C-alpha cells in the first residue's frame with residue numbers, strides 16, 4: 001500500500017506500478033490508465049477520507065468489514081494486490097471538535113492499518129519531499145480550487161500553517177512522526193520510504209522494484225516529477241472548469257516563489273524532526289539536509 005504524500009512523484013510512481021505490476025495494481029488510476037475493476041481502492045478511500053475516526057475511538061465492525069472484505073477478495077484473485085493513493089494521508093478537520101487534538105490521537109489511516117494488520121500482512125510505502133518545496137508545490141496544486149491565488153496569499157497561508165499546532169497544521173508535515181506512527185501500526189520492518197529528490201537515481205527504482213516484486217528496476221523514460229533541491233518558482237494550476245464556468249473575469253494563473261526567509265523558517269521548524277527522520281531512514285542528517293530537508 002502506497003499511502004502518499006501528494007506532490008511527491010505519486011503520478012509517476014502510479015504509472016510505473018500500472019506498467020510493471022499489471023493485474024496486481026488496483027488503484028489509484030493516474031490519467032490515461034485502465035485498471036482492473038476491483039472495489040479495494042474505493043473501499044479504502046471511503047473509509048479514510050470521511051470525517052475521521054481517531055485512535056482514541058474504536059472503528060466499528062461495519063466500518064472495517066468492507067475494507068477487509070475487499071482486501072481478502074483482491075488477495076484471492078491477484079495474490080498480492082497493490083494500492084496507491086496520496087489522499088489516504090489526508091487529515092480532515094472535524095466539525096465541532098475542539099483544538100488542539102490530544103497527543104495520542106492518530107490519523108485515520110494509521111488507526112485503520114493497526115486494525116487491518118491483525119488480519120493481513122501489509123507493506124506500507126510512504127513517499128516524501130522536503131517540506132520547503134512540498135508546501136509551495138501543494139499550494140500550486142490546490143490553486144485549482146482558488147479564485148485568486150497569489151504570492152501574498154501563499155506566504156500568509158504558510159505562516160499560519162507553521163504556527164497551527166493541530167493535525168491539519170504544522171504537524172501534518174512532521175514526516176518522522178508519520179513514519180513512527182505507521183511503524184507502530186504495521187510493524188517497523190513493514191514501512192518503507194522513498195524521497196522525491198532521489199527519484200532520478202537507480203537506487204530509488206531498485207528499492208521500488210524490490211518492494212513490489214518487479215524483476216527489473218527500469219525507471220520511466222521520462223521522470224516528470226524529479227526536481228532540483230531548490231526550485232525557483234511554481235506554476236499555479238488552472239482553475240477547475242466547474243468553478244471557472246461560474247465566474248467572469250478569472251485572473252490568469254501566474255507563479256509563486258518561496259522567499260529565502262520563509263524557506264529558512266520552514267527548514268528550521270522541521271530541523272529536529274528531519275534529524276529524527278534521517279535516523280529512521282538510516283541516513284545522515286547532512287545527507288538529508290543537502291536534499292532540502
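What to note about this one:
- You can think of it this way: the chain between residue 183 and residue 235 has 15.2 nm of extra reach, that is 0.36 nm per residue less the Cα-Cα gap.
- Pairwise label distance in nanometres, residue 62 with residue 151, each label 7 Å out on the Cα-Cβ vector: 5.3
- Förster radius 22 Å - calculated FRET efficiency between residue 290 and residue 221 (Cβ-Cβ, nearest 0.05): 0.20
- C-alpha center-to-center spacing [the range 6-23, the range 111-144] in angstrom: 14
- For the range 109-206, diffusion coefficient by Stokes-Einstein and Kirkwood Rh (Cα), 20 °C, 1.002 mPa s, µm²/s: 137
Read-outs throughout are calculated quantities, based only on the coordinates presented, and are distinct from any laboratory measurement. Not measured: the values here are computed from a predicted model. Heads up, the Cβs are rebuilt from the backbone with ideal geometry, glycines too, and the neighbour counts pull from every protein chain shown.
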